[in-house]
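The values are calculated or read from the model by the stated rules, or taken from the named source; none is laboratory data. Please read all numbers here as calculations on a predicted model, not as lab measurements. Every residue, glycine as well, gets a Cβ built from its backbone with ideal geometry; the counts of neighbours run over all protein chains shown.
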Amino acid sequence: MTTNATATGIDAHDRVEVTVTVNGVPRSSQVQPRRLLSDFLRHDLRLTGTHVGCEHGVCGACTVLLDGAPVRSCLTFAVSVDGHELTTIEGLAAADGGLHPVQQAFRDHHGLQCGFCTPGFVVSACGFLAEHPDPDDEQIREGMAGNLCRCTGYTGILGAVRQAADELRATGDDPRQRTRDGATASGEEVSS
Amino acid sequence: MTTSLLGAPVARSEDPRLLRGEGRFVDDLGHDAFEVAVVRSPHAHARIVDIDLGDALEVDGLISVYTFDDLPERLREPLPLLIPHPSLTAGRTQHVLADGEVNHVGEAVALVVAEDRYAAEDAAERIMVDYDPLPAVVGPERALQADQAVHDDIADNVAAHLEQEIGDARAAIADAAHRLSFRLDIERSASTPMETRGTYARWDADDQRLRLYSSTQAPTSVRAAVAAYLGLDLAQVECIAPDIGGGFGVKIMHPWPEEILVPWVARELGHDVKFTEDRREHFVSANHERAQVHQVEVGFDDEGRVLGLDVEFVHDHGAYIPYGLIVPIITSTQLIGPYKLENYRVTFDSVYTNTTPVTPYRGAGRPQGCFVMERTIDRIAAHLGRDRTEVRAANFLQPEELPYDFGLVFQDGRAYRYDSGDFPGSLSKLKELIDWDGFAARKAAAAAEGRLLGIGLAAYVEGTGVGPYEGGHVLVEPNGSVQVSTGLSSQGQGHQTAFAQIAAEELGVDLADVKVVTGDTRRFPYAVGTFASRAAVMSGNAIHLAARKVREKALRIASEALEVDAEDLELADGKVRVKGSPDTSIDLNVVATMSNPLRYAFDEAARIATQFTQPGDPNAPPVAEGEAPGLEATDYYSPIHSTFANGMHAVEVEVDPDTSDVRIGRYAVVHDCGTLVNPRIVEGQIFGGVAQGVGGALYERMAYDEHGQLQNASFMDFLMPYATEVPRVDVDHLETPSPLNPLGIKGAGEAGVIPGAAAIAAAIEDATGVVIDAMPISPSQLHARRLDAASTT
């Protein structure tokens, strides 16, 4: 598959500078034009919360927000997002560790087991709720049907998105924004 | 502590970290490691004529390439046959890299190491392997035709034949008032966890030590295998199963070729090396399960009581048989379910095919067994015109008959013996939960509108908590933290939370003070693994026993310090205190400090344990005979028998009359796994299991063509259910504690998946009137069967 010469004159193995704003922080790295955004985030920027489950855009585990809209980072080249803003799972909890309302809802509803698909679901839910601030249950089910989970059977996930939708609508917060310090419990407490 | 932590639905301590994206899965580690790509066979069956590296060596970033010929002698030996059995007379296992012949698509042929995976794949695709293709054996029936051998020296393709019998099944069938015989099939499927396989090795040349991270359900056994293949002492090898993105059985298989190759190459190169499997690789090179063909003969009386049952089945174990006969043995025994069978004969052939090998996938032979038994009961009910729940009730073992020994041998080599349960009680709960008796009216009302409704149910018994053992270590640190470890690893079952509940309950400490580590051989080197719904039973009880020892030690120390009889003391709120006089107490962390006689006061708290501050009896040794320093203990739980959980599912479906699309309406589960440590976690296991059961019934299959090519090796074509395909599930628990272990726990991990195909098949049959004898079933298959049925009537 390795075709070296391209119309742009850039060799597939050459490195290109990519600068993005990730979770509000400008980051840049030299990458090959063929490098996937998922690999760029995970291995170049070491933001390993974004996971890769299928590498062909079906499972949704690698979902990140590109200028506020959910995209599959495994189907996106890093060079194609140069100059854009990204939000990853690491950009949602408060600096003090307090969970984002969507994250807290996943915990409250046992919406995760192994946790591998979870970042994709949480980020997808944030994008979905920004678009649909007042969803009915069927819209939530459809909205979460772009992500695969093998553990939970989705029951807890759907309940979590319901709770988060209600809470975010009450506060009026943009679901894609990082949670403020002290806005939620630290997330480390063990509630019963 | 006023309320018990055992049985409390506490939120999981694992969650905040995983939700913030701070999980540590294997591929999250080793950013600077070399990465590998594996050249895999594109043929189901072929001889390797030649391997030409071509211009692979010129690829930028390439480090090295290995084929079978490059391996040291020890690595040229076949991988282990993990579970030998006397009937497994023709066992074959694969090599870490193919030795001149490949037997399934996806078999490892060459290993490429490069600076990153991109370069490794560049090089891998330049390697030209010249194959001489051979005819492929696909499907269990083709295997038994024996016109083509998978392995040259096993002409009949049969690895093992096993027969078990109680009573005289054939005579009982011959004498029965009614007899039926029929065939039942289940197709291949697979675990498909969201995280694929992964292994990362660090060789420390200075210390001559290997650290291996692997996404495995059996880290202690991986460690032992790697030490053996690499010629290292166990003391030189540590294996860590970090966060694991689901297992569902496939990750109990070990050692994978990559689990041996990656550490070997890391040592050869003196550099970290990592393997992260991609999804397509996972479909063809990680193991599958389920495919079996069953022939059933049953004799019964007018009430539907089974007088004799004879089942002969063929188990397709794929190209190799590394896990022995576990899956078909489980089918053979667990098929019986909650019924009293006194004349039962079962035989199976375990056969080779040129497809990906088979090892347990959640349920491990039980979904097939349940499908066979429950479809049989439904046939009896249909034949006699009786209600399906009545026929089940007529066959149940009664609570007072338990424990009940069937006279069969289970998968652990021990007696097949049900310890507890209340099957009639479960059935009455299930009927209420799904409103079984009200269904006829619902069906009639739907029929009046031209809609097809059906209801089905299926019952199972699940042997859980198989031996040989697990262990637990509990340590109270002088800072008050409680460190708990056990050797088996976690794949999302909430072990950190459940095990913390068990330890905190025994020690009277805050749950937040308990820190649990699983699957790290540095912390606990003895373990068996996470499979067979055994972690809560085995490690849960081991941790309970270890915590009890710690409790007793704390009481001894506090009794001396407070000069109060130990029987008058209790552990609560992080203290040892006098019963009825809670102001007289000593903090547990102080007891921990006192448990370790000191010379040096390295901090303020330590002063109390130093030799002039706490002189003790001048005529006795500071560490009393039989004692050891530290407030800690290790214990093991090793049961004589498995403990048997059970349950029943009922499902209502609607079949579209025009498209034969199946929509699930109600889904009800009654489940008895004994004492519940954490009901939320147990429910989560059930919900997830049901989703896999639905997938196995309606969507998921490994579609091999006759050449042994897997036609649907991606999530685009292998239809794992999304949220839109999984129904809401109503759950009711029945708790009959196991008498076999101190906590009364029975396993819960696999239960949810077991009866799915059987119950859904029954519901579809009820809705359409078409006999369903093979699963999974797609709308087009169902439609074809409905058309067939219509044309023959």
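Do you know which of the residues in segment B:150-177 that are buried (at least 17 other Cβ atoms within 10 Å of the Cβ) and in contact with a helix residue (DSSP H, G or I) (Cβ under 9 Å, 6 or more places away or on another chain) is farthest from B:Pro84 (Cα to Cα)?
Here the residue is B:Val150.
Filtering segment A:92-108 down to residues that are at the interface with chain B (Cβ under 9 Å from one of its Cβ atoms) and out of contact with any Cys (no Cβ under 8 Å at 6 or more places or on another chain), which residue is modelled with the lowest pLDDT?
From segment A:92-108, those at the interface with chain B (Cβ under 9 Å from one of its Cβ atoms) are A:92-93, A:97, A:99-100, A:102-104, A:106-108; that's our starting set.
The next check asks that each one be out of contact with any Cys (no Cβ under 8 Å at 6 or more places or on another chain); those that pass are A:93, A:97, A:99, A:103-104, A:106-108.
Details: A:Ala93: 97, A:Gly97: 93, A:Leu99: 97, A:Gln103: 98, A:Gln104: 98, A:Phe106: 98, A:Arg107: 98, A:Asp108: 97.
Here the answer is A:Gly97.
Look through B:Val10, B:Val39 and report the one residue that is part of a loop (DSSP other than H, G, I, E, B) and at pLDDT 95 or above. Can you show your working first?
Numbers: B:Val39 fails: part of a loop (DSSP other than H, G, I, E, B).
Sole residue among the options that is part of a loop (DSSP other than H, G, I, E, B) and at pLDDT 95 or above: B:Val10.
Considering only segment B:688-704, how many residues are surrounded by fewer than 24 Cβ atoms within 10 Å (Cβ to Cβ) and closer than 15 Å to A:Cys149 by Cβ? Can you show your working first?
So the first thing to find is which residues in segment B:688-704 are surrounded by fewer than 24 Cβ atoms within 10 Å (Cβ to Cβ), and the list is B:699-703.
Keeping just the survivors that are closer than 15 Å to A:Cys149 by Cβ gives B:699-700.
Qualifying residue count for the region: 2.
Please give the number of the condition B:Val694 fails out of (1) away from chain A (no Cβ under 14 Å); (2) aliphatic (A, V, I, L, M); (3) within 30 Å of B:Arg280 (Cβ to Cβ).
The one condition B:Val694 does not meet is (1).
State all residues of segment B:575-600 that are over 46 Å from the mean Cα position of the chain (by Cα) and in contact (Cβ under 8 Å) with a residue 12 or more places away in the chain; if no residue qualifies, say none.
Matches in segment B:575-600: B:Thr584, B:Arg599.
Conditions tested, residue by residue: (1) within 30 Å of B:Leu384 (Cα to Cα); (2) in contact (Cβ under 8 Å) with a residue 60 or more places away in the chain; (3) of a type in the set (Phe, Trp, Tyr); (4) away from every other protein chain (no Cβ under 14 Å).
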residue: B:Arg211; (1), (2), (3), (4): no, no, no, yes
residue: B:Gln217; (1), (2), (3), (4): no, yes, no, no
residue: B:Ala227; (1), (2), (3), (4): no, no, no, yes
residue: B:Ile240; (1), (2), (3), (4): no, yes, no, yes
residue: B:Met253; (1), (2), (3), (4): no, yes, no, yes
residue: B:Val262; (1), (2), (3), (4): no, yes, no, yes
residue: B:Thr276; (1), (2), (3), (4): no, yes, no, no
residue: B:Ala286; (1), (2), (3), (4): no, yes, no, no
residue: B:His294; (1), (2), (3), (4): yes, yes, no, yes
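Tally up the residues in segment B:409-456 that are more than 24 Å from the chain's Cα centre (by Cα), part of a strand (DSSP E or B) and aliphatic (A, V, I, L, M), please. So that I can check it myself, show each step before the final result.
Initially, segment B:409-456 is screened for residues more than 24 Å from the chain's Cα centre (by Cα), giving B:422-456.
Right, trim to part of a strand (DSSP E or B) and you get B:452-456.
In the following step, the residues that additionally are aliphatic (A, V, I, L, M) were identified as B:452-453, B:455.
Adding up the residues that qualify gives 3.
Only one of (1) under 33 Å from the mean Cα position of the chain (by Cα); (2) farther than 26 Å from B:Arg267 by Cα; (3) surrounded by fewer than 18 Cβ atoms within 10 Å (Cβ to Cβ); (4) not aliphatic (A, V, I, L, M) is not met by B:Arg142, so which one is it?
All conditions are met except number (3).
What are the pairs, 6+ residues apart or on separate chains, where a residue within segment B:141-153 that is in contact (Cβ under 8 Å) with a residue 12 or more places away in the chain has its Cβ under 6 Å from a residue that is small (Gly, Ala, Ser)?
Partner pairs satisfying both residue conditions: B:Ala149/B:Ala155.
Out of A:Val79, A:Val64, A:Val71, I need the residue that is more than 8 Å from every other protein chain (Cβ to nearest Cβ) and assigned to a helix (DSSP H, G or I). Which one? Outline the logic, then answer.
On the way: A:Val64 fails: assigned to a helix (DSSP H, G or I); A:Val71 fails: assigned to a helix (DSSP H, G or I).
Criteria check complete, one pass: A:Val79.
What about B:Ser13, is it of a type in the set (Gly, Ala, Ser) and either away from chain A (no Cβ under 14 Å) or out of contact with any Leu (no Cβ under 9 Å at 6 or more places or on another chain) (or both)?
Values: of a type in the set (Gly, Ala, Ser): yes; either away from chain A (no Cβ under 14 Å) or out of contact with any Leu (no Cβ under 9 Å at 6 or more places or on another chain) (or both): no.
No, not satisfied.
Do we have B:Asp661 as touching a helix residue (DSSP H, G or I) at 6+ places or on another chain (Cβ under 7 Å), among the acidic types (Asp, Glu) and within 28 Å of B:Val409 (Cα to Cα) here?
Working: touching a helix residue (DSSP H, G or I) at 6+ places or on another chain (Cβ under 7 Å): yes; among the acidic types (Asp, Glu): yes; within 28 Å of B:Val409 (Cα to Cα): no.
So B:Asp661 does not fit the description; no.
With respect to the numbered conditions (1) under 20 Å from A:Ile140 (Cα atoms); (2) within 8 Å of chain A (Cβ to nearest Cβ); (3) surrounded by fewer than 24 Cβ atoms within 10 Å (Cβ to Cβ), which one is the sole condition not fulfilled by B:Ser714?
Answer for B:Ser714: the failing condition is (1).
Can you work out which of the residues in segment A:22-36 that are touching a residue at least 40 places away in the same chain (Cβ under 8 Å) and farther than 18 Å from A:Asp11 by Cα is nearest to the other protein chains (Cβ to nearest Cβ)?
A:Asn23
Within segment A:113-148, which residues are part of a loop (DSSP other than H, G, I, E, B) and within 12 Å of chain B (Cβ to nearest Cβ)?
Within segment A:113-148, the subset part of a loop (DSSP other than H, G, I, E, B) is A:113-117, A:132-136, A:144-148.
Those that are part of a loop (DSSP other than H, G, I, E, B) and within 12 Å of chain B (Cβ to nearest Cβ): A:Gln113, A:Cys114, A:Gly115, A:Phe116, A:Cys117, A:Met144, A:Ala145, A:Gly146, A:Asn147, A:Leu148.
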